[in-house]
Amino acid sequence: MSDQHAYQYINDWKQLDPAMGETIRAFWLREQANVEGERATQRLNEVVAHVLDENGQLAAVSTASPKILPRLGQPMYYYRCFVGKKWRSGKLVRPLLRYTQKTLEDYARANGYPCIGVLLELENEGFADTLRWAYWPGTGFSYIGVSPRGLELRVWYFRGAKLKTPAEMQALLRSQRQAAQAVAETP
């Protein structure tokens, strides 16, 4: 099936407009994305990009959050995307993933690589069934095993990224703990 839509990809990473944030929140609710309340507020802080169709309708959103997977022991951006029902039959998922990869890599390169790549957990059973290759040439992701939830894990590393040293990892973990404590103490 060919895609009948012309899409516009908009970078929101670290600069989400509050009005667009409310539009995204409403989109998640309307499309039953299971992102509500406090979880939606947190996820809005993680929005990398949104996609508009040719009518200016919000079609999809990608998010990323820093995560240290014990298996890797290095900081990665944990990628998620949500595509609205009306746009799922089209070719939107891969271009959004590629756009998000470029956005995060550009940010990482300009900011000393706070994360060294992108991690995704393949929740969509259709993709898990049809994309059985260990390496995805179109996106550069490689299979690394399964998550505790039994889902495929894939990674893609930023060009030029270096592994964090044990001292850098200790400092990173310490700052994450302090940030979490500060949030917990906020009234």
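The values are calculated or read from the model by the stated rules, or taken from the named source; none is laboratory data. Bear in mind the structure is a predicted one, so any value in this text is a computation, not a measurement. Quick reminder, even Gly has a Cβ in these numbers, built from the backbone with ideal geometry, and neighbours come from all protein chains shown.
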Give the number of residues within region 68-81 that are at pLDDT 95 or above and more than 9 Å from the chain's Cα centre (by Cα).
3
Is it the case that LEU69 is out of contact with any His (no Cβ under 7 Å at 6 or more places or on another chain), crowded, with 19+ Cβ neighbours inside 10 Å, in contact (Cβ under 8 Å) with a residue 40 or more places away in the chain and more than 23 Å from ALA19 (Cβ to Cβ)?
no
Suppose the filter is among the charged types (D, E, K, R), within 28 Å of ALA180 (Cα to Cα), modelled with pLDDT of 95 or more and surrounded by fewer than 19 Cβ atoms within 10 Å (Cβ to Cβ); does GLU46 pass it?
no
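Each row is one residue, and each column tells you yes or no for (1) modelled with pLDDT under 95; (2) surrounded by 14 or more Cβ atoms within 10 Å (Cβ to Cβ); (3) not small (Gly, Ala, Ser).
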residue	(1), (2), (3)
SER2	yes, no, no
GLN8	no, no, yes
ALA33	yes, yes, no
GLU36	yes, no, yes
HIS50	no, yes, yes
ALA60	no, yes, no
LYS86	yes, no, yes
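Assigned to a helix (DSSP H, G or I), surrounded by 11 or more Cβ atoms within 10 Å (Cβ to Cβ) and among the hydrophobic types (A, V, I, L, M, F, W, C) - does that describe any residue in region 124-145?
Checked region 124-145: at least one residue is assigned to a helix (DSSP H, G or I), surrounded by 11 or more Cβ atoms within 10 Å (Cβ to Cβ) and among the hydrophobic types (A, V, I, L, M, F, W, C).
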Going by what's in this entry, would LEU173 be described as of a type in the set (A, V, I, L, M, F, W, C), assigned to a helix (DSSP H, G or I), surrounded by 10 or more Cβ atoms within 10 Å (Cβ to Cβ) and on the phi < 0 side of the Ramachandran plot?
yes
